[in-house]
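One structure is given below, encoded as structure tokens.
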Amino acid sequence: MLALDNVSKSFGAKLALASTSLVPTRGRTTVLLGPSGCGKSTLLRLMVGLVSPDAGRVLFDGVELAPASIDAIRHRIGYVIQEGGLFPHLDARANVTLLARYLGREAAWIDARVGELCGLMRIPADALARYPGQLSGGERQRVALMRALMLDPALLLLDEPLAALDAMTRRELQTELKEIFARLAKTVVLVTHDLHEAAWFGDEIVLMREGRIVQRGSLDDLLARPADGFVTQFVHAQRADPRLAVAA
Ligand code: ADP
Ligand code: MG
């Protein structure tokens, strides 16, 4: 699957990612967690070849991401960003099916796959006739996920996919997505700055700070065995007000 081997990236004088190696576990969800600007999106963009490393290599099934290999590899990766990244001038269905049509998949196959994904993502088929601007934020992200899943990718990369949603819609999608990832046994890398979301999704949490991985492990590891003072600070900064705790 995907492997980052001593990959680093600077933008001008700014070190966005120090030399980093990471192999997301197959069939599980790896969460990239950390404060704004710590390099989470850069790491994800390196994985999908939208940013090329200054040093090190990104490998997909042993093949290095390079101009000659990138198109074929991208077709095996689903990628969703915070605002969905849907093309505003295409309706939802055209967005979902764009790549499949470009690759010459048969109309009957496309129809069947769209039907399957509507069921999976709980989108009514008639919503697919609407343009992104005519969908709610939650519907837009459902459509963006359908688009990412259309070709049954080996790897799903999600960059703060729920961050722009209201709390209730976000909760609903968190619940559904976790179930879907488990059912499909997808290898997922999900970016968030939210500790609760990381704990919810993450089979493994990768906590980052200033372009470096500070700690990898479970939520329990971060809580009980913090690698350094930053881990403890980060966790404490996100502890909810106990007065808001809902009785179980
Ligand atoms: P995060 O997703 O964790 O918020 P990013 O990976 O987007 O962080 O950014 C890491 C650092 O690299 C930030 O300081 C950001 O300003 C910088 N950066 C990211 N992309 C670019 C770019 N295309 N050009 C210049 N600086 C960038
Ligand atoms: Mg980001």
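For the chain, carbon and sulfur atoms together expose 53% of the accessible surface, with a 1.4 angstrom probe and every protein chain in place. Using the 1.4 Å probe convention, the accessible area of region 99-248 works out to 52 Å² per residue with neighbouring protein chains retained.
Shown in residue order for region 130-138 are the 3J(HN,Hα) couplings computed by the Karplus curve 6.51 cos²θ - 1.76 cosθ + 1.60 at θ = phi - 60°: 8, 7, x, x, 9, 10, 6, x, x Hz (x for Gly and Pro).
Residue by residue, region 165-175 carries 3J(HN,Hα) couplings of 8, 5, 4, 6, 5, 4, 4, 4, 5, 4, 4 Hz when phi is fed to the Karplus relation 6.51 cos²θ - 1.76 cosθ + 1.60 (θ = phi - 60°); x denotes Gly or Pro. In the chain, the DSSP beta bridges split such that about 50 percent are antiparallel, to the nearest 5. Selection among 199, 168, 95 by position relative to the dipole of the chain gives 95 as farthest towards the positive end (Cβ unit charges, Cα centre).
Only protein heavy atoms count here; on that basis, with a 1.4 Å probe, residue 236 has an accessible area of about 110 Å². When you filter the trypsin sites (Lys or Arg not before Pro) in region 1-96 for DSSP loop state and at most 13 other Cβ atoms inside 10 Å of their Cβ, you are left with 26. Only protein heavy atoms count here; under a 1.4 Å probe, residue 69 has an accessible surface of about 20 Å². Placing unit charges on the Cβ atoms only, positive for Lys and Arg and negative for Asp and Glu, gives the chain a dipole magnitude near 120 debye about its Cα centre.
Residue by residue, region 177-189 carries 3J(HN,Hα) couplings of 5, 4, 5, 5, 4, 5, 5, 7, 6, 7, 7, 10, 10 Hz when phi is fed to the Karplus relation 6.51 cos²θ - 1.76 cosθ + 1.60 (θ = phi - 60°); x denotes Gly or Pro.
Near residue 51, once Lys and Arg are set to +1 and Asp and Glu to -1 for all other residues with Cβ below 11 Å from its Cβ, the sum equals +1.
Please work out whether the chain counts as rounded, prolate or oblate from its C-alpha gyration tensor, where a ≥ b ≥ c are the square roots of the eigenvalues and a/c under 1.5 means rounded, while otherwise a/b larger than b/c means prolate and anything else oblate? Oblate, because a/c is 1.5 or more while a/b does not exceed b/c. Shown here for region 67-144: GluC sites (Glu not before Pro) in loop regions (DSSP other than H, G, I, E, B) with at most 10 other Cβ atoms within 10 Å, namely 106.
Taking amide hydrogens as placed 1.01 Å from N in the peptide plane, the amide H of residue 20 sits under 5 Å from those of 6, 7, 8, each at least 5 positions away in sequence or on another chain. Amide hydrogen proximity for residue 79: with H placed 1.01 Å from N in the peptide plane, the residues at 5 or more positions away or on another chain lying under 5 Å are 157.
In the context of the full set of protein chains, region 21-78 has a per residue accessible area of 45 Å² (1.4 Å probe). Packing, taken as the mean count of other beta carbons within 10 Å per residue, orders the peptides 48-54, 202-208 from highest to lowest as 202-208, 48-54.
The values are calculated or read from the model by the stated rules, or taken from the named source; none is laboratory data. Given the structure is predicted, the values throughout are model-derived calculations rather than measurements. Heads up, the Cβs are rebuilt from the backbone with ideal geometry, glycines too, and the neighbour counts pull from every protein chain shown. What goes into the accessible areas is simple: the full protein's heavy atoms, side chains included, and nothing from ligands, DNA or RNA. Shrake-Rupley method; radii C 1.70, N 1.55, O 1.52, S 1.80 Å.
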